[in-house]
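**Q** Dumping the structure here so I can ask a few things about it.
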């Protein structure tokens, strides 16, 4: 049974368009039934989680609106697909005071004209176990506050005509940031001496360790573009390679080489090389993108996926 009006609840989820954001003023959770919902451009201004397996929130066709806009409070976006902003970001957090925060968990942010996740002036940004892909002007951009990026696939961004951002731009205003177990691959940007097409660190992120991650085959059309700028990379603790944007050097399941409508899957396979799979002496704990325990073999893998025997 699905909720109606303002009577929706986790057990009887909302089934109408995201004009239901107003429900967030007196509810902690907006639970969406499977289906496609159209955003209205309204902003989240109080603590709320919007969640729903099989639910997609799409842009409203207004080129100035992000799909999800956060202006105050903490908004958590969980288990949903956010797509179709015609001229803006998928998830945007904007605050002049740092009073807003955004968390993206187990979500798919795909096919938006600008950034997948754009956090500017917010106190905290967390993106975990999510896919940020095929957004026109980059994957994740963080300015001000602090961040945690863990177990994410940030891939195939930069397809739009205004693609000028790196796949990941990190420019926090405070210490206490974390970048770990991310796969940043096959993103595209225009040449820019201020950043790399992969991960760029600025502000308090300068020197941050990009830990146990994969950054490869990100390109700005120049020869051998740097995969990171101003970040820290310790030998043996992460994988960086210029790679070839037309070749799957790491034997992922699929790099989506068939065009913008082709399927992609950046999980590792049994054929992936030891530079990213069962990396010698790489010891860790925790879980991966899928919730699989790390490690599965003797040592831990790099990137968002911990290969599990029995995977393709």
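**Q** Just to check your reading of the model, which residue among 234, 205 is surrounded by fewer than 20 Cβ atoms within 10 Å (Cβ to Cβ), touching a residue at least 12 places away in the same chain (Cβ under 8 Å) and more than 22 Å from residue 134 (Cβ to Cβ)?
**A** Just one listed residue meets the conditions, 234.
**Q** Let me ask you something else. Here are some residues: 134, 106. Which one is farther than 21 Å from residue 172 by Cβ, within 14 Å of the chain's Cα centre (by Cα) and surrounded by fewer than 19 Cβ atoms within 10 Å (Cβ to Cβ)?
**A** None of the other options fit; the residue is 106.
**Q** Note down all Cβ pairs under 7 Å where the first residue falls in the range 267-287 and is within 14 Å of residue 183 (Cβ to Cβ), the second is in a loop (DSSP other than H, G, I, E, B) and at pLDDT below 90, and they're at least six residues apart or on different chains.
**A** 269/312
**Q** Yes or no: the range 114-122 includes at least one residue that is over 13 Å from the mean Cα position of the chain (by Cα), more than 23 Å from residue 173 (Cβ to Cβ) and free of Cβ contacts under 8 Å to residues at least 60 places away in the same chain.
**A** So far as the range 114-122 goes, no, none of its residues is over 13 Å from the mean Cα position of the chain (by Cα), more than 23 Å from residue 173 (Cβ to Cβ) and free of Cβ contacts under 8 Å to residues at least 60 places away in the same chain.
**Q** While we're on this one: If you go through the range 210-221 one residue at a time, do you hit one that is farther than 29 Å from residue 280 by Cα and in contact (Cβ under 8 Å) with a residue 24 or more places away in the chain?
**A** yes
**Q** Which of the residues belonging to the range 163-191 are surrounded by fewer than 24 Cβ atoms within 10 Å (Cβ to Cβ) and either within 21 Å of residue 295 (Cα to Cα) or in contact with a strand residue (DSSP E or B) (Cβ under 9 Å, 6 or more places away or on another chain) (or both)? Working first, answer last.
**A** To start, the set of residues in the range 163-191 that are surrounded by fewer than 24 Cβ atoms within 10 Å (Cβ to Cβ) comprises 163-164, 169, 171-178, 180, 188, 190-191.
Listed by number, the residues that qualify are 163, 169, 171, 172, 173, 174, 175, 176, 177, 178, 180, 188.
**Q** I'd like the residue in the range 144-154 that is over 15 Å from residue 114 (Cα atoms) and free of Cβ contacts under 8 Å to residues at least 60 places away in the same chain and, out of all such residues, is surrounded by the fewest Cβ atoms within 10 Å (Cβ to Cβ).
**A** Top of the filtered list is 148.
**Q** Output the number of the condition that residue 17 fails; it satisfies all remaining conditions of (1) at pLDDT below 80; (2) surrounded by fewer than 16 Cβ atoms within 10 Å (Cβ to Cβ); (3) more than 25 Å from residue 113 (Cβ to Cβ).
**A** (3)
**Q** Moving on. Looking at the structure I just gave you, is residue 217 closer than 24 Å to residue 191 by Cβ, modelled with pLDDT under 90 and surrounded by 15 or more Cβ atoms within 10 Å (Cβ to Cβ)?
**A** Spelling it out, it is not the case that residue 217 is closer than 24 Å to residue 191 by Cβ, modelled with pLDDT under 90 and surrounded by 15 or more Cβ atoms within 10 Å (Cβ to Cβ).
**Q** Ok, one more. For the list (1) part of a loop (DSSP other than H, G, I, E, B); (2) at pLDDT 90 or above, I need the number of the one condition that residue 200 fails.
**A** All conditions pass for residue 200, except number (1).
**Q** Moving to a separate point now. Right, residue 242: more than 19 Å from the chain's Cα centre (by Cα) and either touching a residue at least 40 places away in the same chain (Cβ under 8 Å) or closer than 16 Å to residue 154 by Cβ (or both) or not?
**A** Criteria not met by residue 242.
**Q** OK, next. Could you list all residues from the range 301-311 that are modelled with pLDDT under 95 and assigned to a loop (DSSP other than H, G, I, E, B)?
**A** Narrowing the range 301-311 to residues modelled with pLDDT under 95: 308-311.
Across the range 301-311, the qualifying residues are 308, 310.
**Q** Shifting gears a bit: Within the range 283-293, how many residues are outside any strand (DSSP E or B) and surrounded by fewer than 19 Cβ atoms within 10 Å (Cβ to Cβ)?
**A** Selection size over the range 283-293: 7.
Matching residues to (1) in contact (Cβ under 8 Å) with a residue 60 or more places away in the chain; (2) buried (at least 18 other Cβ atoms within 10 Å of the Cβ); (3) in contact with a helix residue (DSSP H, G or I) (Cβ under 8 Å, 6 or more places away or on another chain); (4) more than 21 Å from residue 99 (Cβ to Cβ):
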| residue | (1), (2), (3), (4) |
| --- | --- |
| 32 | no, yes, no, yes |
| 35 | no, no, no, yes |
| 40 | no, no, yes, yes |
| 55 | no, yes, no, yes |
| 70 | no, yes, no, no |
| 75 | no, yes, no, no |
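The values are calculated or read from the model by the stated rules, or taken from the named source; none is laboratory data. Owing to the predicted nature of the structure, the values given are computational and were not obtained by experimental measurement. Counting neighbours? That spans all protein chains shown, and the Cβs are built from the backbone with ideal geometry, glycine included.
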